[in-house]
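The values are calculated or read from the model by the stated rules, or taken from the named source; none is laboratory data. Small disclaimer: the values here were computed from a predicted structure and weren't measured. Here the Cβ positions follow ideal geometry from the backbone for every residue, glycine too, while neighbour counts run over all protein chains shown. Side chains are part of the model used for accessible areas, which takes the heavy atoms of the whole protein and leaves out ligands, DNA and RNA. Shrake-Rupley method; radii C 1.70, N 1.55, O 1.52, S 1.80 Å.
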Amino acid sequence: MLLLAVFMGLSTFAQDEKTAASLYNEGLAFLKAKDYAAGLPILEAALEKATVDSNDQIIGLAKKNGSIAASNLGNAKKKAGALDEAIALYNKGIEWRPEYGSNYRGLASATEAKGDIINAITQYITAGDITTASGKNKKGKKLYKKARNMVGKIYQSKDYPKAIEAGKAFLEVRENAEVAYYVCRANTESIADEEAITYADKAIEFSGAKVNDKYYVAKAKAYEKMGKNTDAVAAYKLVTGDKYKAQAEGKIKLLGSK
């Protein structure tokens, strides 16, 4: 719809042969026919010509519609399995129009398809930021959730070192209690050092006023794994809800007797 709206507003451009305007209109005609492979290089030529001519109007329009073409062509390349080509197209679209979310989403998806999960996680968060900034809050939340769930799947697969790496990469760019919890639990199941406590505390902090009891349990289990029973008991005593209450009370009794 955006692309069509732009088409309607451009019918008055002069058709001088090989001017920036004529190249732009030629490329736009291919885009209108959904022939993005043919239209994109012509828009690039229009952009180059407009840059030489200092034609700001054509520069802006070529970048705007070029980013749409890059996204659509990137999607086609990704579907065909040409992931490196798709990634190059998405990056080109991002360079031309940094505020356009589709290229960020495509980039994250193609990076994930290549198996580069750590980078894909952070790219999904960036896509969420850009999408949210454009007013699409619901889509933005889905992208954040996608990134969070990717960390969760790694943790559930019991690849604990990778779960720690993925979780830390996520948390470098966005706070999330559940991701901090995954890092805590992955540490407890593998290294079992003070870093587990650090991330348990982050999970508690990021929760705000209402803390999920499982974060206290995670902290307690980390202390228990390190042999710090007094600290574990103190953490278990913070549990108030019914779901973990019996478990916590049993642990308090058991550890308190040691």
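With the cut-off at 26 Å, tell me which of the pairs K202/K237; K92/K146; K138/K219 have Cα atoms farther apart than that. Don't jump to the answer; show the numbers that get you there.
Numbers: K202/K237 18 Å; K92/K146 24 Å; K138/K219 32 Å.
Long pairs (Cα-Cα over 26 Å): K138/K219.
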Exercise for the section: Calculate, for A246 and E99, the FRET efficiency according to 1/(1 + (r/R0)^6) with r their C-beta to C-beta distance and R0 51 Å; round to the nearest 0.05. Expected result: 0.50
Practice task
Express in whole angstrom the spacing between the alpha-carbon centres of segment 31-82 and segment 181-258.
Solution key: 53
Handout entry: Computed over the chain, Cα set: Rg, Dmax in Å
Key = 25.5, 90
Practice task
Using R₀ = 45 Å, calculate the FRET efficiency as 1/(1 + (r/R₀)^6) where r is the Cβ-Cβ separation of N149 and K32; round to 0.05.
Solution key: 0.75
Practice task
Report ³J(HN,Hα) in whole Hz for each residue of segment 221-233, in order, from the Karplus equation J = 6.51 cos²θ - 1.76 cosθ + 1.60 where θ = phi - 60°; Gly and Pro get x.
Solution key: 5, 5, 4, 4, 5, 8, x, 9, 5, 4, 5, 5, 4
Completion exercise
For Y144 the rounded accessible area (nearest 10 Å², probe 1.4 Å, non-protein molecules ignored) is 30
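Anything over 18 Å Cα to Cα? Flag those among K228/K253; K78/K139; K214/K243; K77/K142; K32/K142, in the order listed. Mind showing how you got there, number by number?
Details: K228/K253 15 Å; K78/K139 21 Å; K214/K243 9 Å; K77/K142 24 Å; K32/K142 30 Å.
Long pairs (Cα-Cα over 18 Å): K78/K139; K77/K142; K32/K142.
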Problem - For segment 202-219, 3J(HN,Hα) per residue [Karplus equation, 6.51 cos²θ - 1.76 cosθ + 1.60, θ = phi - 60°, Hz, x = Gly/Pro] - result: 5, 4, 5, 4, 5, 6, x, 6, 10, 9, 5, 4, 5, 6, 5, 5, 4, 5
Problem - ³J(HN,Hα) computed for each position of segment 65-81 - Karplus, 6.51 cos²θ - 1.76 cosθ + 1.60, integer Hz, glycine/proline x - result: 7, x, 5, 5, 5, 4, 5, 5, 5, x, 4, 5, 5, 4, 4, 7, x
Problem - Paramagnetic reach from A88 (point 7 Å along Cα→Cβ, amide N under 14 Å) across segment 24-45 - result: 41
